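Bear in mind that the values in this text are calculations on the coordinates, not laboratory data. Source: prediction; values computed, not measured. Don't worry about glycine lacking a Cβ; one is built from the backbone with ideal geometry, like all the others, and counts go over all protein chains shown.
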Amino acid sequence: MGTQLPPSIEIFRPGRQIDDSGVEHIFTPADITAMAAAYDPALREAPLCVGHPESNLPAYGWVKGLSVNKDERLVMDPHQVESQFAEMVATGRFKKRSAAFYTPQHPNNPKPGTWYLRHVAFLGAQPPAVSGLKDPQFSESEAGSGFVCFSEGGGPATTTTQELSMDEKERLEAEAKAAKEAQAKAEQEAAEAKAQLAQFAEQRRTERHQGFVQFAEAQLAAGKLKRPDAAALPAVLTALADSAPVEFAEAGATKKVSPAEWLKSFVTGSTPVVQFGEFAPGGAETVDQGSAKGKSDAEIDTAAKAYAAQHKVQYAEALAAVCTFTD
């Protein structure tokens, strides 16, 4: 079978990385894990190249899969590697490796939103003259596509690579933890505020209904409502309480009022609902001494208002004073 490359070859690591164009990037261990998870050779298989050819040509082997080792570094499992190329790697002719990636926003990225391996370049020697090598088959033209390369020192595309220090790694982890805790606290506070608002709203509805009940009882005592109407009025006012205000013309001006308040004003301004005197069975009228018999409703109303004004009492009390009701 000839020489073969071993599995789990390291090709990338977390930390502060400077690509071959001099642009700085910072990769966390989570980013490395995402790279491994995104790679799908059935969707787009990354070739093994010499240097960083823009066309990915020629391919001396292929990346079968990616994973993350115990040191949180990205490793590849190669396969279909040309034996002559593998022998040159084994003998130290290519001592450095460099990974090229599609950026998360690159139009040719098969997995948009994450870094995707484009090819793995071996640096430090001339490519072997091997004929009949398999070339990658891509539908779009990728010449000058602007992919990002990260090269280790020692090859023709030398750059600097600095791993995250322990302190910096701990700082990043602490910031991520603090952000997660702050989000959880904000969500809890929002839930508590929502519950408190619901409690306040329910309390307000209860107090408002109690006010309507008191209003109805007061109008019943004032003779403005009959008992059945007084019992129904709080429910009607509650139903109208959240309705939109209505507008109407009054005295040449436009007036705006809520339906509930209009109904309350209508009730308080109405004529008292009172039946004076009593009729005997068979239509014969019985007149009791001191009763209201013989007076019209208008006359009794006038007398009650006058009594109320003179004695500073409520209308209902004045009405009782000027009229005597029979059993």
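How would you order 191-203, 96-108 from highest to lowest mean count of nearby Cβ atoms within 10 Å? Walk me through the numbers before you get to the answer.
Details: 191-203: 10.0, 96-108: 18.8.
Ranking the peptides 191-203, 96-108 by packing returns 96-108, 191-203.
If each of residue 20 and residue 244 carries a label point 7 Å out from its Cα toward its Cβ, how far apart are those two points in nm? My value for the distance between the label points is 6.6 nm. Simple spin-label model, 7 Å along Cα-to-Cβ: residue 3 to residue 201 in nm? With each label placed 7 Å out from Cα toward Cβ, I get 7.5 nm.
Would you kindly state how much longer the chain becomes between residue 217 and residue 184 on full extension, computed as 0.36 nm times their sequence separation minus their alpha carbon distance, in nm to one decimal? Write out the running numbers ahead of the final one.
Details: separation 33, 0.36 × 33 = 11.88 nm, distance 5.00 nm.
Full extension from residue 217 to residue 184 adds 6.9 nm.
Amide H to amide H, with H built 1.01 Å from N, residue 50 comes under 5 Å of 122, counting only residues 5 or more places away or on other chains. In terms of the mean number of neighbouring beta-carbon atoms within 10 Å, the peptides 233-245, 177-189 order highest first as 233-245, 177-189. The gain in end-to-end length when the residue 69 to residue 209 segment is fully stretched comes to 43.6 nm, 0.36 nm per residue minus the alpha carbon separation. Per-residue 3J(HN,Hα) values for the range 32-39, derived from phi via the Karplus relation 6.51 cos²θ - 1.76 cosθ + 1.60 with θ = phi - 60°, read 5, 4, 5, 4, 5, 5, 6, 5 Hz in sequence order (x marks Gly and Pro).
Could you calculate the FRET efficiency of residue 114 with residue 93 from 1/(1 + (r/R0)^6), where r is the beta carbon distance between them and R0 is 30 Å, rounded to 0.05?
Here the calculated transfer efficiency is 0.35.
Compared with the alpha-carbon gap, the fully stretched path from residue 251 to residue 231 is longer by 3.9 nm at 0.36 nm per residue.
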